[in-house]
Amino acid sequence: MKKHVLAAIFLPALLAPAADLAVQDRPLDVPYVPTKFPVVDEMLKMANVTKADILYDLGCGDGRIVIGAAQKYGAKGVGIDLDPDRIAESRENARKAGVADRVTFMEGDLFLADFKEATVLSMYLLTSVNLKLRPRILRELRPGTRVVSHNFGMDDWKPDAASVVTVDDIRHDVFLWIVPANASGVWTWTMPLGGRNVEARMTVEQKYQFPTAAVKLNGTEAALKDVKLRGDRLTFLLEAPVDGKPQTFAFQGRIAGHEIAGQAKATAAGQNQTWPWTASRNPVTEKPIDEEPTIWD
Ligand SMILES: C[S@@+](CC[C@H](N)C(=O)[O-])C[C@H]1O[C@@H](n2cnc3c(N)ncnc32)[C@H](O)[C@@H]1O
């Protein structure tokens, strides 16, 4: 985002009386600017919040995102802010909204917060702050966790979805990421093909949520198509010869640690051959899926 746009968004708050900052042990990493309510609505909608969720807002301001998730969708929520005035305001707002039993507000530094239990993470911070959090988001949050950010991205980790809300002629971007499982490495399994067992060895390379893969069946390269990962769910099409004729099999499975469990089925019309699919990864072949972020403060 261009510097003048940033200044337009955050300047009024940066010019706030110094006395506000004096109550902090350390300066805020991002000034307080509340997200407009139509943008809050869009963030919750994009994250597909339900009552099964626990939403964490890092730098929660007056608590509006956490309270909105609880009020509109029945979700539980946790808000963290360094500024004690914001926390007091959040608690009061939660009480007035009648959701105090479902939400918790904690005064503290978002960089020290434990947010592993979040199923939805919301942020209206800065790209530099998002990038400091990015390694933790990718390593600590469960695959499938939705991350929504108002206006600020994650550099080369491209969002899975983006949307724009215009309020009072000002454009607001909302970005959504689904935390991907790490599917990288060498996976092996045995599958029945044409009445005999075949050894499969699949090598997966992955950058963020985007895997590419190659597979060998009994040591011979086979065709793989449409390799996709969403959260912990890996899917692909594998073409393999059966009795000398190529057949396509659709694989789907969930990754849990170094194991995949799911099923595979023949896609040809009239074929209803389905079998359980389990694969194991050699742990030493797993690689990081992110780049070390370059952070410009
Ligand atoms: C741009 S506001 C967003 C407020 C709220 N999330 C919203 O969208 O309406 C950023 C918030 O982050 C808080 N903040 C800044 N640095 C922080 C830190 N290191 N730890 C926790 N909160 C912080 C500020 O006090 C402020 O309330």
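The values are calculated or read from the model by the stated rules, or taken from the named source; none is laboratory data. Remember, predicted model here, so these are calculated numbers, not experimental data. All Cβ positions, glycine included, derive from the backbone under ideal geometry; neighbour counts span all protein chains shown.
For the stretch 117-131, what are the residues that are more than 12 Å from the ligand (Cβ to nearest atom), surrounded by 22 or more Cβ atoms within 10 Å (Cβ to Cβ) and part of a loop (DSSP other than H, G, I, E, B)? Passing the criteria: only 118.
Here residue 275 meets the list (1) assigned to a strand (DSSP E or B); (2) surrounded by 12 or more Cβ atoms within 10 Å (Cβ to Cβ); (3) not small (Gly, Ala, Ser) almost entirely, failing just condition (2). Could you tell me whether residue 88 is under 23 Å from residue 38 (Cβ atoms) and assigned by TED's automatic domain parsing to the domain that holds residue 142? Against the criterion (under 23 Å from residue 38 (Cβ atoms) and assigned by TED's automatic domain parsing to the domain that holds residue 142), residue 88 does not qualify. Once the stretch 140-167 is narrowed to residues that are of a type in the set (S, T, N, Q), out of contact with any Asp or Glu (no Cβ under 8 Å at 6 or more places or on another chain) and buried (at least 21 other Cβ atoms within 10 Å of the Cβ), the residue that is farthest from residue 210 (Cα to Cα) is 149.
Under the condition of being more than 11 Å from the ligand (Cβ to nearest atom), buried (at least 21 other Cβ atoms within 10 Å of the Cβ) and in a helix (DSSP H, G or I), the residues counted in the stretch 77-94 number 1. Using the structure shown, decide if residue 133 is within 23 Å of residue 173 (Cα to Cα) and either acidic (Asp, Glu) or at pLDDT 95 or above (or both). The answer is yes for residue 133.
Of note, residue 169 does not satisfy the criterion of being of a type outside the set (S, T, N, Q), away from the ligand (no atom under 15 Å from the Cβ) and at negative phi. Among the residues here, residue 165 qualifies as in contact (Cβ under 8 Å) with a residue 24 or more places away in the chain and farther than 26 Å from residue 114 by Cα.
Within the stretch 169-197, if we keep just the residues that are outside any strand (DSSP E or B) and in contact (Cβ under 8 Å) with a residue 12 or more places away in the chain, the residue that is farthest from residue 215 (Cα to Cα) turns out to be 179.
Quick grid of which residues meet (1) in a helix (DSSP H, G or I); (2) in the same structural domain as residue 195 (by TED's automatic domain parsing); (3) farther than 17 Å from residue 190 by Cα; (4) of a type in the set (Phe, Trp, Tyr):
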site: 224; (1), (2), (3), (4): no, yes, no, no
site: 227; (1), (2), (3), (4): no, yes, yes, no
site: 234; (1), (2), (3), (4): no, yes, yes, no
site: 238; (1), (2), (3), (4): no, yes, no, no
site: 251; (1), (2), (3), (4): no, yes, no, yes
site: 265; (1), (2), (3), (4): no, yes, no, no
site: 268; (1), (2), (3), (4): no, yes, yes, no
site: 271; (1), (2), (3), (4): no, yes, yes, no
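Does residue 114 qualify as being away from the ligand (no atom under 12 Å from the Cβ), surrounded by fewer than 20 Cβ atoms within 10 Å (Cβ to Cβ) and farther than 20 Å from residue 147 by Cβ? Answer is no for this residue. The residue that is surrounded by the most Cβ atoms within 10 Å (Cβ to Cβ), counting only those in the stretch 43-64 that are within 12 Å of the ligand (Cβ to nearest atom) and assigned to a helix (DSSP H, G or I), is 43. Test of understanding: among 219, 144, 194, which residue is out of contact with any helix residue (DSSP H, G or I) (no Cβ under 8 Å at 6 or more places or on another chain) and modelled with pLDDT under 95? Of 219, 144, 194, the one residue that is out of contact with any helix residue (DSSP H, G or I) (no Cβ under 8 Å at 6 or more places or on another chain) and modelled with pLDDT under 95 is 194.
Considering the stretch 95-111, and only residues there that are of a type in the set (D, E, K, R), away from the ligand (no atom under 16 Å from the Cβ) and assigned to a loop (DSSP other than H, G, I, E, B), the residue that is farthest from residue 232 (Cα to Cα) turns out to be 101.
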